[in-house]
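Q: Handing you a structure now.
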Amino acid sequence: MFNAIMDTMQGFGVSTTHYLQTNYKDAQSLFLWVSWAADLRNTFFIFFPLWFHLRSSVGIKLIWVAVIGDWLNLVFKWILFGERPYWWVHETPYYANTVAPHIEQYPMTCETGPGSPSGHAMGAAGVYYTLVTSILAIAASKKKNLYFDRYLKAILWTLFWGVQVCVCLSRVFIAAHFPHQVIAGVITGMIVAEAFNRTQWIYNASMKKYFYTTLFLTSFAVGFYLLLKALGVDLLWTMEKAQKWCVRAEWVHLDTTPFASLLRNMGTLFGLGLGLHSPLYTETKKSSSTLVKIGCVISSLLLLHLFDSFKPPTHTAALFYLLSFCKSATVPLVTVSIIPYCVNGALNLQNKKSL
């Protein structure tokens, strides 16, 4: 009974993908761009440095929502064993008595992990929900007039749902997810973000807490994987399917594997802890002039853009995972402590020269 229901839902999903690819082929570039924009990498390299220097509490919350949300997404995927359209359509007996719809694949199609819930939808929902609620809270604290608050709320929530619809359609269009998987991702992402809206300890968390949280999350995921593997359950069962059914081998990327995601997120969280408890951050956080903030934002965005062009070598999985962790830890560390220290030093030096 359950399998029949799932086959019906997934059959509907493949039909939806086929419909979108057939009738909205001209929007292919837009859908691919949306999938790229919804990647959590852009939260770490763009939203976080921008918001941290404008309002540090929002930047800190963004990291926690993104990291914990993506960690939960990994655990959910390992528990739910969700299929992906681009391989399911070739293996299912659902089309035994009919011709299966033809669905195209794209460079972002061949994700290697299980499909449910959608990580892109969950990440986008969590991040944008955090941004919307944070902006509304800031606006409310300014005590503007009631009509302004209402218009701002209407505009931001309309934008929020517009983004979610675009992300969901994009993931279905490229055959990376079924509709029910992206809907589940949006709902769970909003729940995670709302939970952190009610959590205050993250803003004053000690380095010890960052270390133990990173260690616990990593150990839990690895331990869960090893336990099920010992019981004969291979949580990396999707790797073979991706390699078998992806139309181009180069579209199967090591950085989409579950462990790459895990270590990338753990590196980011640990790096944030290092940055916030660095002597450099302690020395520079008192400086809150507009010029310093603008300098930090511009410097962070430019430097991180260059840094993002460094791609760890993929010929050895263990080395790739290690370098991914280190790269991810460097991003918040540089943003929080090193760049503000350098900007402050440069401005102070300039002021001394002008005297």
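The values are calculated or read from the model by the stated rules, or taken from the named source; none is laboratory data. The model shown is predicted, which means the values in this text are computed figures rather than measured ones. All Cβ positions, glycine included, derive from the backbone under ideal geometry; neighbour counts span all protein chains shown. Surface areas here come from the heavy atoms of the whole protein model, side chains and all, with no ligands, DNA or RNA. Shrake-Rupley method; radii C 1.70, N 1.55, O 1.52, S 1.80 Å.
Q: Which is within 21 Å of LEU323 (Cα to Cα) and modelled with pLDDT of 95 or more, of GLY223, GLY267?
A: GLY267
Q: Could you say whether any residue in the stretch 106-121 is part of a helix (DSSP H, G or I), open to solvent by less than 10 Å² (accessible area, probe 1.4 Å) and in contact (Cβ under 8 Å) with a residue 24 or more places away in the chain?
A: Within the stretch 106-121, one or more residues are part of a helix (DSSP H, G or I), open to solvent by less than 10 Å² (accessible area, probe 1.4 Å) and in contact (Cβ under 8 Å) with a residue 24 or more places away in the chain.
Q: Go through THR213, THR238 for me and flag whichever is within 20 Å of GLU111 (Cβ to Cβ) and of a type in the set (S, T, N, Q).
A: THR238
Q: Any residue that is outside any helix (DSSP H, G or I) and surrounded by 18 or more Cβ atoms within 10 Å (Cβ to Cβ) - is there at least one of those in the stretch 228-235?
A: yes
Q: Across the stretch 85-98, what is the number of residues that are outside any helix (DSSP H, G or I) and modelled with pLDDT of 90 or more?
A: Final tally of qualifying residues: 1.
Q: I've got another one for you. Residues of the stretch 239-276 being farther than 24 Å from ILE174 by Cα and in contact with an Asp or Glu (Cβ under 6 Å, 6 or more places away or on another chain), which ones?
A: ASN265
Q: Does the stretch 223-243 contain at least one residue that is hydroxyl-bearing (Ser, Thr, Tyr), over 30 Å from HIS90 (Cβ atoms) and in contact with a helix residue (DSSP H, G or I) (Cβ under 8 Å, 6 or more places away or on another chain)?
A: Looking through the stretch 223-243, none of the residues is hydroxyl-bearing (Ser, Thr, Tyr), over 30 Å from HIS90 (Cβ atoms) and in contact with a helix residue (DSSP H, G or I) (Cβ under 8 Å, 6 or more places away or on another chain).
Q: Now a separate question. Checking ARG171 against (1) charged (D, E, K, R); (2) open to solvent by 30 Å² or more (accessible area, probe 1.4 Å); (3) under 30 Å from LEU74 (Cα atoms), which test does it fail?
A: All conditions pass for ARG171, except number (2).
Q: While we're looking at this one, here's another question. Just checking, which of TRP33, TRP71, TRP87 is touching a residue at least 24 places away in the same chain (Cβ under 8 Å) and under 30 Å from ILE339 (Cβ atoms)?
A: Just a single option satisfies the conditions, and that option is TRP71.
Q: Identify the single condition in (1) more than 25 Å from ALA124 (Cβ to Cβ); (2) modelled with pLDDT of 95 or more; (3) loosely packed, with under 13 Cβ neighbours inside 10 Å that TYR203 does not satisfy, given that it satisfies every other one.
A: Of the numbered conditions (1) more than 25 Å from ALA124 (Cβ to Cβ); (2) modelled with pLDDT of 95 or more; (3) loosely packed, with under 13 Cβ neighbours inside 10 Å, the odd one out for TYR203 is (1).
Q: Restricting to the stretch 135-177, name every residue that is touching a residue at least 60 places away in the same chain (Cβ under 8 Å) and either more than 26 Å from the chain's Cα centre (by Cα) or not in a helix (DSSP H, G or I) (or both).
A: Within the stretch 135-177, ILE174, ALA175, ALA176, HIS177 qualify.
Q: Considering only the stretch 27-64, state which residues are in contact with a Phe, Trp or Tyr (Cβ under 8 Å, 6 or more places away or on another chain) and over 25 Å from ILE174 (Cβ atoms).
A: The answer is SER57, VAL58, GLY59, ILE60, LYS61, LEU62, ILE63, TRP64.
Q: For the stretch 128-159, give me each residue that is open to solvent by less than 100 Å² (accessible area, probe 1.4 Å) and either of a type in the set (D, E, K, R) or touching a Ser or Thr at 6+ places or on another chain (Cβ under 6 Å) (or both).
A: Result: ASP149, single match.
Q: Please indicate, with yes or no, whether at least one residue in the stretch 3-17 is touching a residue at least 24 places away in the same chain (Cβ under 8 Å), open to solvent by 20 Å² or more (accessible area, probe 1.4 Å) and within 24 Å of SER299 (Cα to Cα).
A: No, because not a single residue in the stretch 3-17 is touching a residue at least 24 places away in the same chain (Cβ under 8 Å), open to solvent by 20 Å² or more (accessible area, probe 1.4 Å) and within 24 Å of SER299 (Cα to Cα).
Q: Here is a follow-up. Taking the condition open to solvent by 50 Å² or more (accessible area, probe 1.4 Å) and closer than 26 Å to LEU30 by Cβ, does HIS90 pass?
A: no
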